[in-house]
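Have a look at the structure below before the remarks.
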Amino acid sequence: MRTGKRLAVILMTLLLCSELIGCSGMATPRQEIQAPQLNPALLQILCSLAKGHKNKTQLAFLADFKGLCAPVKKFNRYMSSSQGQLLRQLKAWAEKHHVKLHYVYRPGLFGQAQKIINHDEGGLLLHSNAADFQKRYLIMMYMDYSWQLAMDKAAHKQARTHHAGPGLMAYLDHATAVNKQSLTDLWQLLQHYHWQKGT
């Protein structure tokens, strides 16, 4: 492995162990906001969605070094590009409306537990061999996308109720479509690869 790639993997290891993953359904963020007219519950979901997009792009980078099978590698490329697009779209909306999508864990034992589970899940992927990584990747991403789609739906309802505007609605529509398609793709990959030993 070239020095540049080795350094990139080391940097990703440190990053993933500090904040990945992805079953973001377990995390409960708080946020600093500059948009008091926006519903606080909606802002909380948006901070979680932004973190989820970022985590998936980071995981996609790591997965490129793990020797994925061709169909899973194709999905990984799609995850990287689509989640990157969603993150940019959400950030652009937030900047325009002076919203800070700053994610922090709750103080106290509950927040500590969230950090521990994220650290453990990230470490599990980092130290998996190629076959185990692929299976764990597919399972974890299926769970994570399911949760992200649930947040999309909840946020869409809140945004519509509180008249959040067309920009946010466009982002949520886009996110819902991406996550539905990703769940379909992941389910098909799970059916094909999860139960095959050594694949």
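The values are calculated or read from the model by the stated rules, or taken from the named source; none is laboratory data. For clarity, every value in this text was computed on a predicted model and none was experimentally measured. We place every Cβ from the backbone using ideal geometry, glycine too, and count neighbours over all the protein chains shown.
Report whether or not residue 169 is within 18 Å of residue 88 (Cα to Cα) and either surrounded by fewer than 20 Cβ atoms within 10 Å (Cβ to Cβ) or touching a strand residue (DSSP E or B) at 6+ places or on another chain (Cβ under 9 Å) (or both). First the steps, then the outcome.
Numbers: within 18 Å of residue 88 (Cα to Cα): yes; either surrounded by fewer than 20 Cβ atoms within 10 Å (Cβ to Cβ) or touching a strand residue (DSSP E or B) at 6+ places or on another chain (Cβ under 9 Å) (or both): yes.
Here the answer is yes, as residue 169 does meet what is asked.
Yes/no matrix, rows are residues, columns are (1) hydroxyl-bearing (Ser, Thr, Tyr); (2) at pLDDT 85 or above; (3) within 17 Å of residue 87 (Cα to Cα); (4) in a helix (DSSP H, G or I):
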| position | (1), (2), (3), (4) |
| --- | --- |
| 128 | yes, no, no, no |
| 137 | yes, yes, no, yes |
| 148 | no, yes, yes, yes |
| 160 | no, no, no, yes |
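Residue by residue through region 129-145, note down the ones that are touching a helix residue (DSSP H, G or I) at 6+ places or on another chain (Cβ under 8 Å) and surrounded by 15 or more Cβ atoms within 10 Å (Cβ to Cβ). Break it down into steps so the answer makes sense when it comes.
If we filter region 129-145 for residues that are touching a helix residue (DSSP H, G or I) at 6+ places or on another chain (Cβ under 8 Å), which is where we start, we get 133-145.
Matches in region 129-145: 133, 134, 135, 136, 137, 138, 140, 141, 142, 143, 144, 145.
Hand me the list of helices (runs of 4 or more DSSP H) wholly inside region 1-113 holding 1 or more residues that are surrounded by 13 or more Cβ atoms within 10 Å (Cβ to Cβ) and at pLDDT 90 or above.
Values: elements: 3-19, 40-63, 70-96.
Of the helices (runs of 4 or more DSSP H) lying wholly inside region 1-113, those with at least 1 residues that are surrounded by 13 or more Cβ atoms within 10 Å (Cβ to Cβ) and at pLDDT 90 or above span 40-63, 70-96.
List pairs: first residue in region 41-58 and within 24 Å of residue 137 (Cβ to Cβ), second residue surrounded by 23 or more Cβ atoms within 10 Å (Cβ to Cβ) and among the β-branched types (Val, Ile, Thr) anywhere in the structure, Cβ distance under 8 angstrom, at least six positions apart or on different chains.
55/21
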